[in-house]
Amino acid sequence: PVITTDHLTETERQHRWIAARLRRECPAWPFGTEPATITGAQAIRAEGVDGLLADGLAGCPDDRRLPRELARSLQHGAYTDAAWELLREAEYRRVLELLAVADIRPITVKGTALAYCLYPEAHWRSRCDLDLVFPSRAVTL
């Protein structure tokens, strides 16, 4: 059977395309060229998955169908995220070392923990903070 997506909004179609690419499927870019490229790049950035998608670009033969500007945007986003990750990692280490000197050993949770434990590259996990759980409330006061 043929499955149509005519009834979906542009946002829904973008999300389906993003999900398929994240599953390492190779759907062609369905949104045309210039105007859709900007919208598509914004949707990808809003979902925080440009690094993950940029990584998958090399292994997909349909990438030639991606608008050039979108492919460039994904790669640029991945480079930017990697640069920010270097800064974040240094700051995380500094904070955790200062806490360790005070004999406080929190547990890192949520985005940062996922980034370093589950992702091949920490910068592929979009996040903007460091979530810590402390051994007791008294430690935080």
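The values are calculated or read from the model by the stated rules, or taken from the named source; none is laboratory data. Note that the coordinates shown come from a computational prediction; the quantities given were computed from them, not determined experimentally. Cβ: placed from backbone, ideal geometry, glycine included. Neighbour counts: every protein chain shown. For the accessible areas, the whole protein counts, side chains as well, though only heavy atoms, and no ligand, DNA or RNA atoms are used. Shrake-Rupley method; radii C 1.70, N 1.55, O 1.52, S 1.80 Å.
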key: Accessible surface of the range 70-141, 1.4 Å probe, proportion on carbon and sulfur as whole %   = 61
note = For the range 102-119, Karplus-derived ³J(HN,Hα) couplings (6.51, -1.76, 1.60; θ = phi - 60°; whole Hz; x for glycine and proline) come out as 8, 6, 10, 10, x, 9, 7, 10, 6, x, 5, 4, 4, 4, 8, 9, 10, 9
request  = Assuming a ≥ b ≥ c are the square roots of the Cα gyration tensor eigenvalues, decide whether the range 90-131 counts as rounded (a/c under 1.5), prolate (otherwise, with a/b larger than b/c) or oblate.
outcome  = prolate
inquiry  = With every protein chain left in place and a probe of 1.4 Å, what is the accessible surface of ASP50, to the nearest 10 Å²?
reply    = 10
inquiry  = Within the range 108-141, name every residue whose backbone N is under 19 Å away from a label modeled 7 Å from Cα of GLU97 along the Cβ vector.
reply    = 108, 130
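Return the FRET efficiency for the residue pair ALA28, THR80: r is the Cβ-Cβ distance, R0 is 30 Å, and the value is rounded to the nearest 0.05.
Taking R0 as 30 Å, the efficiency between ALA28 and THR80 is 0.70.
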query = R0 = 25 Å: FRET efficiency of GLU69 with ASP131, Cβ-based, nearest 0.05?
reply = 0.10
remark   = Mean separation of Cα contacts under 8 Å (at least 6 apart) over the residue count of the range 65-134, i.e. the relative contact order in percent, is 32
